[in-house]
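Asks: Got a structure for you, questions after.
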Amino acid sequence: MPPPLRSAFQHRSSGDWRLCAGANLAPDAGNGQGCALSPPPGAVQRLPSGNSSPAPNHATVSCTPLLHHPTCGTPMTSWSTLTRALVAIVVLPSLALSAPRAGTTRPTGPAKRYTVEQFMETTSVLGASFSSDEQRVLYSSTETGVFNVFSVPVTGGKPTQLTRSTQDASIAVAYFPTDDRVLFTRDSGGNELAHLYVRTLDGQEKDLTPGDEHRASFFGWSQDGAAFYVLTNERDTRFQDLYRYDAKTYARTLLYAGDGEHVPGALSPDEKWLALEKSRTLSDSDVYLYEFATQQRRHVTAHEGSASWKAATFDPASSALYLLTNEGSEFIRVERHVLATGKRELVEQLNWDVLSTVFSRRGTWRITRVNEDGRTTLRVHDVKAGRRVPLPGIPEGALSGVRLSRGEKRMAFHVDGDRSPGNLYVYDFETKKLTRLTDTLGRTLDTQHLVESERVRFKSFDGLEIPALLYKPHQATAKRRAPAIVFVHGGPGGQSSKGYSSFFQFLVHHGYVVLAVNNRGSEGYGKSFFAADDQQHGKAPLQDCVEAKKYLSALPYVDGARVGILGPSYGGYMVLAALAFHPDVFAVGVDAFGISDWLSALRELPPHKEALREALYQELGNPQTQEAMLREISPLFHAEKIRRPLLVIQGANDPRVPKAKTDALVEAVRKNGVPVDYFVLPNDGHGFSSTKSEAETSVRILSFLDQYLRRSP
């Protein structure tokens, strides 16, 4: 699996955990080594709605939304910061429509001009895992220009580099529970076929899942640490099989053969039960319990209507399965299902979506992540005392990547703020001491020159409130009106949320207002809002972006004649759709890794998406029965309507958006006599594989915007 679209572009994204097998079990999910609270930084959530514990510099990257989002557990380098996985709207949080807050003091302008190299000096860090003696923490960092695995003392200090990849991202999974061996994942050239590796005590690397055409992902440790679990589709690329690996010999045993419909979600510590998830649509899913002794599968979430059910975790005693659901409500809550009796009880409910909940190894703590109006918050519960635990001294920002030590004394996590890239921290429950282990902001950057986003809302064409994040340059005033960008996150079903984005800060520093829109279909604002884009792509959600342009144009410091649209992945599709279907609205468009032809994309789903075929058809359309509709919403078939300057960014190795399709789109638009800048990244897939790629792309975008947007009449 590839690293997620780097933070610069993707900003914080909570993602489609609905589409991610075992997302809540991302490295060390509570089975031994420690507890993973969520998919790695940033993971996206959808089906059982992301984004993936946010990776500092690319905010939340929860799991993989649909066809073109980074997959669970793999960071895509920096632009991954804004996309966190795919109405009659009933209930939205009762938040007033808001313009930027009045009275906010801002510097009149940047006192210093920074180069893109200075912005790109910012480091991205991912993941956390405690060593067997709990004296060090394992994590991944782009300190070397590409993700590599590092280890740092829990008291802070100089990190030690453990892998030395120069091109392919190496993503830390976990320390072994009894020694200093390390598990990590790596794909090749952004092909998203990640393999699981072990770094042995002598520094050698061994591929535990060799082969050419399959992918593998870590699924957790056994309770005693003597084994670990791996998901792989090597038997059949359509199915995910679950294996148990001996931690000493690496000999493996097949535990569960996937059938393409029921996807492993959580494994009980006693290895008697496997929770399976089945998705009917992107808003309707179920959980089943598979008993290994009898090889029988039991449906435990039968329901009427559309509701999301997700397996969160088993308790340490293997007596209950904790579930996440929005049945009968707008937001996702936690419920407890007692295995012996089938009794169900409410555990935790808020007016926002619960993203995940997990136990420490012996059950002392239960930790919950919440998607709270565009930011991720953390709730720590003392299970025995039955109360929440305050976390004094924790910095403001989005919390992600939570891991608990096996001894339950320490917790590692990331904190990510708009003006402070995600950093790795360790909190000691006994001493209440908080220690920051990384320093990710470029040494030459002054936080006073960066900007804080403001959470705003505007009304769309049908009166629906659309949430967004607004970034205002210090130098923008009514007398010096600025050009602006409508940013559309990936998905469908992702979310733009608060957190550091080097790309946003880079654009704002150079005088561009940025409005990151959470159009209908974005996660985090209730299931009605989330489902409001079904069969509406290229229509109502796109109209929300048109209304976003109107909102920007009404701000006194924005030049309404100079508003462009930019987005990655699904957001790239929205850019192309905006230029084709609303050709006079935006002055320019920047499409990164965007899909242009839904018809072929849905007809040619990769084998590992086979289980989601019907769900994707329900969300987007069935190519067998709705060919005309899919042609209608696919920009490739309407390229003659595009009349505004366009920058297209494409990874040569992109497995989700084939280069040939993008070539055809670019050729068709150029026939219109429209300026098209086509930037192909030769060593990248669906996102950036290195900071070098990100930096080059950022410069290319700024140059394009300066030429066609800043100077446009």
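The values are calculated or read from the model by the stated rules, or taken from the named source; none is laboratory data. Owing to the predicted nature of the structure, the values given are computational and were not obtained by experimental measurement. All Cβ positions, glycine included, derive from the backbone under ideal geometry; neighbour counts span all protein chains shown. To get the accessible areas, we keep the full protein, side chains included, count just its heavy atoms, and leave off ligands, DNA and RNA. Shrake-Rupley method; radii C 1.70, N 1.55, O 1.52, S 1.80 Å.
Asks: Anything in the range 326-359 that is of a type in the set (S, T, Y) and in contact with a strand residue (DSSP E or B) (Cβ under 6 Å, 6 or more places away or on another chain)? List them, or say none.
Replies: Residues satisfying the conditions are S356, T357.
Asks: Give L555, L576 a once-over and let me know the one that is of a type in the set (A, V, I, L, M, F, W, C) and open to solvent by less than 10 Å² (accessible area, probe 1.4 Å).
Replies: Just one listed residue meets the conditions, L576.
Asks: Kindly check whether there is at least one residue in the range 391-398 that is at pLDDT below 95 and in a strand (DSSP E or B).
Replies: yes
Asks: Taking into account only those residues within the range 328-350 that are in a loop (DSSP other than H, G, I, E, B) and among the aliphatic types (A, V, I, L, M), which is surrounded by the most Cβ atoms within 10 Å (Cβ to Cβ)?
Replies: I332
Asks: Which residue is least open to solvent (accessible area, probe 1.4 Å), if the candidates are limited to the range 427-470 and must be under 17 Å from G393 (Cα atoms) and aliphatic (A, V, I, L, M)?
Replies: Among residues in the range 427-470 that are under 17 Å from G393 (Cα atoms) and aliphatic (A, V, I, L, M), the one least open to solvent (accessible area, probe 1.4 Å) is L437.
Asks: Moving on to the next point. So, in the range 297-327, of the ones that are of a type in the set (V, I, T) and not in a loop (DSSP other than H, G, I, E, B), which residue ends up surrounded by the most Cβ atoms within 10 Å (Cβ to Cβ)?
Replies: T313
Asks: Then there's this: For the range 191-209, enumerate the residues that are open to solvent by 10 Å² or more (accessible area, probe 1.4 Å), in contact with a strand residue (DSSP E or B) (Cβ under 8 Å, 6 or more places away or on another chain) and at pLDDT below 95.
Replies: N191
Asks: Let me ask something else. Condition first: assigned to a helix (DSSP H, G or I), closer than 25 Å to D654 by Cα, hydrophobic (A, V, I, L, M, F, W, C) and at pLDDT 95 or above. Can you find one or more residues in the range 602-609 that meet it?
Replies: no
Asks: Output the residue which, of all residues in the range 121-152 that are in a loop (DSSP other than H, G, I, E, B) and over 18 Å from S689 (Cα atoms), is least open to solvent (accessible area, probe 1.4 Å).
Replies: S131
Asks: Can you give me the number of residues within the range 274-323 that are under 30 Å from E408 (Cβ atoms) and touching a helix residue (DSSP H, G or I) at 6+ places or on another chain (Cβ under 8 Å)?
Replies: 4
Asks: Would you point out which residue out of R644, R656 is assigned to a loop (DSSP other than H, G, I, E, B), of a type outside the set (A, V, I, L, M, F, W, C), on the phi < 0 side of the Ramachandran plot and touching a His at 6+ places or on another chain (Cβ under 8 Å)?
Replies: The match here is R656.
Asks: Given the conditions (1) modelled with pLDDT of 95 or more; (2) out of contact with any His (no Cβ under 7 Å at 6 or more places or on another chain); (3) open to solvent by less than 20 Å² (accessible area, probe 1.4 Å), report the number of the one that A516 does not fulfil.
Replies: (2)
Asks: A further question follows. Residues in the range 265-275: is at least one in contact with an Asp or Glu (Cβ under 6 Å, 6 or more places away or on another chain), part of a loop (DSSP other than H, G, I, E, B) and closer than 28 Å to E619 by Cβ?
Replies: Among the residues of the range 265-275, not one is in contact with an Asp or Glu (Cβ under 6 Å, 6 or more places away or on another chain), part of a loop (DSSP other than H, G, I, E, B) and closer than 28 Å to E619 by Cβ, which makes the answer no.
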